[in-house]
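The structure appears below as structure tokens.
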Amino acid sequence: MRVGVSLRSGYPPMDARVGARWMIERARAAAEAGLDSLFVGDHHNVPVPYYQNVPMLGRLLAEWDARPAGALFLLPLWHPVLVAEQIGTLAAIAGGPFIMQCAVGGGEEQFRVFDASLRERAVRMEACLEIVHALCRGETVTVEVGPWKIDRAHIAPVPPDPLEVWIGGSSARAIDRAARMGDAFLIGPEATPDEVSSLVQTYRDACAQHGRAADRIAVRRDVHVAATDAEADAVAGPIVAAGYRGFDPSAVVVGGPARVADAFASLGAAGCTDVIVRHLAEDQDAVLRSFEQLATVRAGLR
């Protein structure tokens with residue numbers, strides 16, 4: 001079981017440099033805790049500070065090493081040549097493998113500002129992914145039919161290692177897409193433990209239908225870890241009780257290292273190979289202490 005982190009990118013209104021500094025401090029804490037992977041998310045047209053994935057990850061890689069790193073891209077909102085160029089540069093900065101997480105995205109407020117239609121997002125997603133894959137393999141791409149018309153595009157630098165693609169979603173169509181087009185399936189943070197088991201089995205079945213191996217299945221968990229269960233509950237309990245993100249409380253993981261390790265081990269028993277954490281607490285010091293405890297969790301799982 002690998003334990004990685006997807007750093008929170010959105011923060012309450014504050015001095016813009018404070019939020020950016022917090023992300024850098026969290027990346028450094030994740031590296032010091034020995035976590036296995038580092039990611040940032042993707043969202044647009046938001047009312048609060050949200051630090052965009054490409055420039056932020058470029059800075060965070062200075063705190064990282066040769067462990068895998070990457071970013072989420074909501075592909076229907078991106079031009080595929082631009083995505084591939086950004087990935088090529090980020091992968092050249094990274095000391096190890098680059099992973100592109102991707103999904104169709106949602107929310108009228110995002111699609112409206114890019115003059116994109118929610119109804120067409122699945123088609124745009126798959127077309128974009130095929131083009132990005134080809135460009136990151138070093139191919140020259142011409143596309144005459146589809147959402148983008150492209151004439152003899154190529155990128156340089158090409159990622160020095162083969163691009164790894166994790167595809168997220170929960171619908172039958174999204175899971176089939178992950179089985180057909182991805183290297184891994186990414187389960188969202190809202191899934192309860194029972195739903196995780198069901199999604200894992202659905203993905204395995206889809207992989208079998210396409211003659212592919214279901215080797216890597218990641219799940220996002222929003223977490224808080226403290227030295228003891230009581231300390232963790234004191235910080236995160238009120239946040240969860242207030243209806244954190246509308247999630248079922250069983251979808252979040254809160255506790256001391258032993259309780260959290262047990263929860264992660266249960267996800268491993270359900271078939272997940274990676275847990276990607278994101279911290280749910282607001283207080284920066286509490287989050288940094290939680291990273292320290294995650295080192296103990298990871299060591300226990302190993």
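The values are calculated or read from the model by the stated rules, or taken from the named source; none is laboratory data. Predicted model only: the values in this text are computed from it and were never measured. Cβ: placed from backbone, ideal geometry, glycine included. Neighbour counts: every protein chain shown.
Tell me which residues, restricted to the stretch 173-192, are farther than 20 Å from MET100 by Cα and either surrounded by 15 or more Cβ atoms within 10 Å (Cβ to Cβ) or at pLDDT below 95 (or both).
Selection gives GLU190, ALA191.
Please state which one of ASP285, ASP262, ASP274, ASP248 is touching a Lys or Arg at 6+ places or on another chain (Cβ under 6 Å) and not hydroxyl-bearing (Ser, Thr, Tyr).
ASP274
Would you point out which residue out of ALA134, ALA122, ALA127 is surrounded by 13 or more Cβ atoms within 10 Å (Cβ to Cβ), more than 23 Å from ILE187 (Cβ to Cβ) and out of contact with any strand residue (DSSP E or B) (no Cβ under 7 Å at 6 or more places or on another chain)?
Selected residue: ALA127, the only one of ALA134, ALA122, ALA127 that is surrounded by 13 or more Cβ atoms within 10 Å (Cβ to Cβ), more than 23 Å from ILE187 (Cβ to Cβ) and out of contact with any strand residue (DSSP E or B) (no Cβ under 7 Å at 6 or more places or on another chain).
Yes/no matrix, rows are residues, columns are (1) touching a Phe, Trp or Tyr at 6+ places or on another chain (Cβ under 8 Å); (2) in contact (Cβ under 8 Å) with a residue 24 or more places away in the chain; (3) among the polar types (S, T, N, Q):
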{"site": "ARG2", "(1), (2), (3)": "no, yes, no"}
{"site": "SER6", "(1), (2), (3)": "yes, yes, yes"}
{"site": "PRO12", "(1), (2), (3)": "no, yes, no"}
{"site": "GLY19", "(1), (2), (3)": "yes, yes, no"}
{"site": "TRP22", "(1), (2), (3)": "yes, yes, no"}
{"site": "ARG28", "(1), (2), (3)": "no, yes, no"}
{"site": "GLY34", "(1), (2), (3)": "no, yes, no"}
{"site": "HIS44", "(1), (2), (3)": "yes, yes, no"}
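Exactly one of these conditions fails for SER37: (1) over 15 Å from the mean Cα position of the chain (by Cα); (2) surrounded by fewer than 23 Cβ atoms within 10 Å (Cβ to Cβ); (3) among the small types (Gly, Ala, Ser). Give me its number.
Here SER37 clears every test but (1).
If you go through the stretch 144-172 one residue at a time, how many are surrounded by 12 or more Cβ atoms within 10 Å (Cβ to Cβ), assigned to a loop (DSSP other than H, G, I, E, B) and within 18 Å of the chain's Cα centre (by Cα)?
Final tally of qualifying residues: 3.
Pull out all pairs, ordered by first then second residue, where Cβ-Cβ is under 6 Å, the residues are six or more apart or on different chains, the first lies in the stretch 203-224 and is under 30 Å from ALA258 (Cβ atoms) and in contact (Cβ under 8 Å) with a residue 24 or more places away in the chain, and the second is hydrophobic (A, V, I, L, M, F, W, C) and surrounded by fewer than 17 Cβ atoms within 10 Å (Cβ to Cβ).
Taking only residues 6 or more apart or on different chains, not a single pair turns up.
Go over the candidates GLU139, GLU120, GLU130, GLU126 one by one and state the one that is part of a loop (DSSP other than H, G, I, E, B), modelled with pLDDT of 95 or more and of a type in the set (Asp, Glu).
GLU139
Can you pull out the residues in the stretch 58-77 that are touching a residue at least 40 places away in the same chain (Cβ under 8 Å) and surrounded by 21 or more Cβ atoms within 10 Å (Cβ to Cβ)?
First, the residues of the stretch 58-77 that are touching a residue at least 40 places away in the same chain (Cβ under 8 Å): 60, 68, 70, 72, 75-76.
LEU60, GLY70, LEU72, LEU75, PRO76 - these are the residues of the stretch 58-77 that are touching a residue at least 40 places away in the same chain (Cβ under 8 Å) and surrounded by 21 or more Cβ atoms within 10 Å (Cβ to Cβ).
Test each condition in (1) within 26 Å of VAL18 (Cβ to Cβ); (2) among the small types (Gly, Ala, Ser); (3) touching an Asp or Glu at 6+ places or on another chain (Cβ under 8 Å) for GLY58 and report the one that comes out false.
(3)
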